[in-house]
Amino acid sequence: MTFQDVYAKLDARRTIVNRLMLGLLGLASLVAILPLVFVLYYVVHRGIQGLNLSFFTQLPKPVGETGGGLGNAVLGTLVLVGLGSAVGVPIGIASGVFLSEFKRSRFAPWLRSAVELLAGVPSIILGIFAYAVLVVPLHGFSAAAGALALAIILIPTVAKTTEEVLKLVPDHIREAGLGLGLPRWKVILRIVVYGSRSGILTGVMLGVARISGESAPLLFTALNSQYWPRGLLAPISSLPVQIYTYAISPFDDWTQLAWTGSMVLVLFVLVANLLMRAILGGKKA
Amino acid sequence: MTPATNAAKPPIPEPILSAKDVNAYFNAFHAVRGVSLDVEPNSVTALIGPSGCGKSTFLRTLNRLHEEIPGARFEGEVTLEGENIYGRGMDPVQVRRKIGMVFQKPNPFPSLSIYENVVVGLTLAGVKDRRLLDETAERALKHSALWDEVKDKLRAPGTSLSGGQQQRLCIARALAVKPPVILMDEPTSALDPISTARIEELLGELKKEVTVVIVTHNMQQAARCSDRTAFFFMGELVEYDRSTRLFTNPQDKRTEQYITGRFG
């Protein structure tokens with residue numbers, strides 16, 4: 001056998017293995033995407049029939065009456081997620097900046113462990129925490145307690161992604177900033193963080209998407225309500241909790257509202273994600 | 001170390017930058033050992049020597065960037081136009097406005113445009129005057145010989161330029177804050193030969209307005225573009241002389257061995 005023969009044999013084998021592996025990768029990707037496609041399809045299929053303006057503008061009707069919507073739950077979710085983000089996002093970003101830019105601080109390892117632990121705590125436990133610090137002392141379920149629970153869930157997600165994104169900025173970029181005669185805080189905020197804003201915002205979006213769908217921590221903090229939001233110290237309705245309540249009810253029109261609510265929730269997260277990508281896509285360096 | 005070779009020959013009457021008995025450490029490691037060196041105004045001074053000889057560390061003590069590394073320590077004195085930059089109450093941030101720096105890897109700031117990169121030292125210091133910024137950008141880009149290539153795409157990201165253009169952008173960025181001295185740490189070692197040649201040409205132009213101290217691995221580069229050359233070895237300054245003399249008639253045996261390629 002000549003060298004050419006050996007090589008020809010090897011080449012044939014290599015080509016086959018190459019195609020096989022490529023096929024497997026494609027298959028794995030498909031398996032990963034399929035659930036998303038099915039969920040989207042099924043939720044839209046079941047939810048679309050109940051979608052009309054009154055879904056967003058009306059309160060749920062008592063059993064037996066037709067019509068009605070989940071306007072209070074849509075608004076309630078916006079309030080809870082908005083408030084939770086307003087508290088959680090700044091704290092999360094600040095923690096992430098600290099972990100990345102002051103990693104040699106004696107406090108950093110403690111903060112990192114705390115963030116990692118917090119990320120691993122089941123969300124229902126964080127709900128119990130909010131229950132203990134806000135619901136019990138104030139003698140009642142409240143939107144504020146729900147928002148606090150969501151904020152605490154958001155903090156570790158945002159902190160971790162912010163840290164990871166900032167770590168990708170090479171140190172010589174920071175030195176170049178210092179070398180220009182800029183104070184360290186300006187180098188961090190205006191060059192390192194500003195330059196990484198698209199990555200940080202992606203992390204924020206993922207976190208916000210996650211808390212939009214949380215129901216467990218809201219069950220005994222924000223509880224639920226059949227009325228429009230009545231302030232931060234009153235119970236408030238939210239899509240996930242309302243979906244949970246209605247999906248297990250025996251009434252067909254309630255089940256339909258749950259399906260439509262699911263669709264609205266999924267599409268809200270999807271559209272928010274796509275919008276953020278579209279805005280940031282052109283800005284990426 | 002014999003102090004005799006440590007002094008500049010011929011002596012520089014009015015140095016713009018003057019290091020006196022500089023020692024720099026990383027924790028227990030003594031990286032720069034008792035270096036004294038005067039820099040002539042409007043000249044190019046090259047620091048050469050084998051890897052790990054302390055030339056880059058010494059350069060970074062000249063604008064107090066050395067102390068930003070954890071575990072770094074400094075002893076000695078560096079004066080800029082007669083003022084000790086390590087003196088009591090001296091702010092390293094102020095020092096670095098007067099002694100700019102260009103790094104080994106081109107490092108334009110991410111997600112800033114070419115224009116924004118050039119004037120960032122001004123805008124982040126609070127300068128808002130549009131006309132002043134435009135003039136500064138144009139002057140700095142012309143000075144760094146990049147203007148003709150980028151004048152029609154100033155809004156494009158700085159990172160969209162080629163490596164050599166990025167490095168000239170970084171030089172423009174350093175020039176924009178009008179420092180009397182610019183330090184360059186192997187500015188061409190990541191560039192192709194043509195980009196390298198452009199930056200070497202640029203050095204001759206730059207010294208009309210600023211003083212340049214450049215660390216280089218490339219002895220030909222030091223011989224071609226510097227007025228004076230300092231040879232570092234094992235953390236010490238072995239010999240410091242006019243480049244024409246140092247490369248043709250070195251006084252120290254180690255210098256001779258290094259420039260003839262017998263080590264390093």
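Within the bounds of the range B:123-144, is there any residue that is β-branched (Val, Ile, Thr), part of a helix (DSSP H, G or I), in contact with a Gly (Cβ under 9 Å, 6 or more places away or on another chain) and within 12 Å of another protein chain (Cβ to nearest Cβ)?
For the range B:123-144, residues β-branched (Val, Ile, Thr), part of a helix (DSSP H, G or I), in contact with a Gly (Cβ under 9 Å, 6 or more places away or on another chain) and within 12 Å of another protein chain (Cβ to nearest Cβ): absent.
Is there a residue in the range A:2-17 that is more than 30 Å from A:Gln226 (Cα to Cα) and either assigned to a loop (DSSP other than H, G, I, E, B) or in contact (Cβ under 8 Å) with a residue 40 or more places away in the chain (or both)? Outline the logic, then answer.
Narrowing the range A:2-17 to residues more than 30 Å from A:Gln226 (Cα to Cα): A:2-17.
Then keep just the ones that are either assigned to a loop (DSSP other than H, G, I, E, B) or in contact (Cβ under 8 Å) with a residue 40 or more places away in the chain (or both); that gives A:2.
Yes - at least one qualifying residue is present in the range A:2-17.
Being surrounded by fewer than 17 Cβ atoms within 10 Å (Cβ to Cβ) and among the acidic types (Asp, Glu) narrows it down to one of B:Glu186, B:Glu209, so name that one. Explain how you work it out, then say what you get.
Working: B:Glu186 fails: surrounded by fewer than 17 Cβ atoms within 10 Å (Cβ to Cβ).
On inspection, the qualifying residue turns out to be B:Glu209.
For the range A:238-279, name all the residues that are surrounded by fewer than 16 Cβ atoms within 10 Å (Cβ to Cβ), at pLDDT below 90 and either within 14 Å of another protein chain (Cβ to nearest Cβ) or under 15 Å from A:Leu78 (Cβ atoms) (or both).
A:Val271, A:Ala272, A:Ile279
Just one of (1) under 21 Å from B:Pro110 (Cα atoms); (2) modelled with pLDDT of 95 or more trips up B:Val181, so point out which.
(1)
Name the helices (runs of 4 or more DSSP H) wholly inside the range A:211-285 in which the number of residues that are within 30 Å of B:Ala156 (Cα to Cα) is 2 or more.
On the way: elements: A:216-219, A:239-247, A:252-281.
The qualifying helices (runs of 4 or more DSSP H) are A:252-281.
How many residues does the range A:56-71 hold that are loosely packed, with under 10 Cβ neighbours inside 10 Å and either of a type in the set (Gly, Ala, Ser) or not assigned by TED's automatic domain parsing to the domain that holds A:Ser262 (or both)?
Filtering the range A:56-71 down to residues loosely packed, with under 10 Cβ neighbours inside 10 Å leaves A:62, A:64-66.
Retained after the next criterion (residues that are either of a type in the set (Gly, Ala, Ser) or not assigned by TED's automatic domain parsing to the domain that holds A:Ser262 (or both)): A:64.
Of the residues in that region, 1 qualify.
Please enumerate the residues belonging to the range B:97-122 that are within 8 Å of chain A (Cβ to nearest Cβ) and open to solvent by 60 Å² or more (accessible area, probe 1.4 Å).
Of everything in the range B:97-122, those that are within 8 Å of chain A (Cβ to nearest Cβ) and open to solvent by 60 Å² or more (accessible area, probe 1.4 Å) turn out to be B:Lys98, B:Gln104, B:Lys105.
Could you list, in sequence order, the residues of the range B:58-96 that are within 17 Å of the chain's Cα centre (by Cα), away from every other protein chain (no Cβ under 13 Å) and surrounded by fewer than 21 Cβ atoms within 10 Å (Cβ to Cβ)?
B:Thr79, B:Glu81
How many residues are β-branched (Val, Ile, Thr) and open to solvent by less than 90 Å² (accessible area, probe 1.4 Å) if we restrict to the range A:1-32? Talk me through it step by step, then tell me what you get.
So the first thing to find is which residues in the range A:1-32 are β-branched (Val, Ile, Thr), and the list is A:2, A:6, A:15-17, A:31.
This time we only want the ones that are open to solvent by less than 90 Å² (accessible area, probe 1.4 Å), so: A:2, A:6, A:15, A:17.
Counting residues in the range A:1-32 that are β-branched (Val, Ile, Thr) and open to solvent by less than 90 Å² (accessible area, probe 1.4 Å) gives 4.
List pairs: first in the range B:84-102 and under 18 Å from B:Leu59 (Cβ atoms), second open to solvent by 10 Å² or more (accessible area, probe 1.4 Å) and of a type in the set (Gly, Ala, Ser), Cβ under 9 Å, 6+ apart or cross-chain?
Final answer for the pair search is B:Tyr86/B:Gly76; B:Arg97/B:Ala125.
Taking the residues in the range A:167-195 that are part of a loop (DSSP other than H, G, I, E, B) and among the hydrophobic types (A, V, I, L, M, F, W, C) as candidates, determine which candidate is nearest to B:Met184 (Cα to Cα). Break it down stepwise before answering.
We begin by selecting, within the range A:167-195, every residue part of a loop (DSSP other than H, G, I, E, B); these are A:168-170, A:180-183.
Checking which are among the hydrophobic types (A, V, I, L, M, F, W, C) leaves us with A:168-169, A:180, A:182.
Details: A:Leu168: 24, A:Val169: 21, A:Leu180: 13, A:Leu182: 18 Å.
Among those residues, the one meeting the criterion is A:Leu180.
Residues of the range A:149-204 being open to solvent by 10 Å² or more (accessible area, probe 1.4 Å), of a type in the set (Gly, Ala, Ser) and more than 8 Å from every other protein chain (Cβ to nearest Cβ), which ones?
A:Gly199
Return the residue satisfying two criteria in turn: it lies in the range B:129-151 and is of a type in the set (Lys, Arg) and touching a helix residue (DSSP H, G or I) at 6+ places or on another chain (Cβ under 9 Å), and of such residues it is surrounded by the most Cβ atoms within 10 Å (Cβ to Cβ). Spell out how you get there, then give the answer.
Kept after step one, since they are of a type in the set (Lys, Arg), are these residues of the range B:129-151: B:130-131, B:139, B:142, B:151.
Within this subset, residues satisfying the condition of being touching a helix residue (DSSP H, G or I) at 6+ places or on another chain (Cβ under 9 Å) are B:139, B:142, B:151.
Values: B:Arg139: 16, B:Lys142: 14, B:Lys151: 13.
Restricting to residues being of a type in the set (Lys, Arg) and touching a helix residue (DSSP H, G or I) at 6+ places or on another chain (Cβ under 9 Å), the top hit is B:Arg139.
Consider only pairs whose beta carbons are under 9 Å apart and that are at least six residues apart or on different chains; among these, list those whose first residue lies in the range A:107-122 and is among the charged types (D, E, K, R) and whose second residue is open to solvent by 60 Å² or more (accessible area, probe 1.4 Å).
From residues that are among the charged types (D, E, K, R), the pairs are A:Arg112/A:Lys103.
From the list B:Lys178, B:Lys151, exactly one residue is basic (Lys, Arg) and away from chain A (no Cβ under 14 Å). Which is it?
Within the list B:Lys178, B:Lys151, the selection yields B:Lys151.
Which of (1) more than 15 Å from A:Leu239 (Cβ to Cβ); (2) in a loop (DSSP other than H, G, I, E, B) is the odd one out, the single condition A:Val87 does not satisfy?
(2)
Conditions tested, residue by residue: (1) within 21 Å of A:Ala94 (Cα to Cα); (2) open to solvent by less than 50 Å² (accessible area, probe 1.4 Å); (3) under 20 Å from the mean Cα position of the chain (by Cα); (4) among the charged types (D, E, K, R).
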| residue | (1), (2), (3), (4) |
| --- | --- |
| A:Leu111 | yes, yes, no, no |
| A:Ile124 | no, no, yes, no |
| A:Ala130 | no, yes, yes, no |
| A:Ala147 | yes, yes, yes, no |
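Residues being crowded, with 23+ Cβ neighbours inside 10 Å and touching a helix residue (DSSP H, G or I) at 6+ places or on another chain (Cβ under 6 Å): count how many of those fall in the range B:36-56.
Count: 5.
What do you reckon, is B:Val32 closer than 27 Å to B:Ala222 by Cβ, away from chain A (no Cβ under 14 Å) and open to solvent by less than 40 Å² (accessible area, probe 1.4 Å)?
yes
Looking at A:Leu20, is it among the hydrophobic types (A, V, I, L, M, F, W, C) and farther than 29 Å from A:Asp253 by Cβ?
yes
The values are calculated or read from the model by the stated rules, or taken from the named source; none is laboratory data. None of the values given here were measured: they were computed from a predicted structure. We place every Cβ from the backbone using ideal geometry, glycine too, and count neighbours over all the protein chains shown. The protein model used for the area step is the full one, side chains on, heavy atoms only, and it has no ligands, DNA or RNA in it. Shrake-Rupley method; radii C 1.70, N 1.55, O 1.52, S 1.80 Å.
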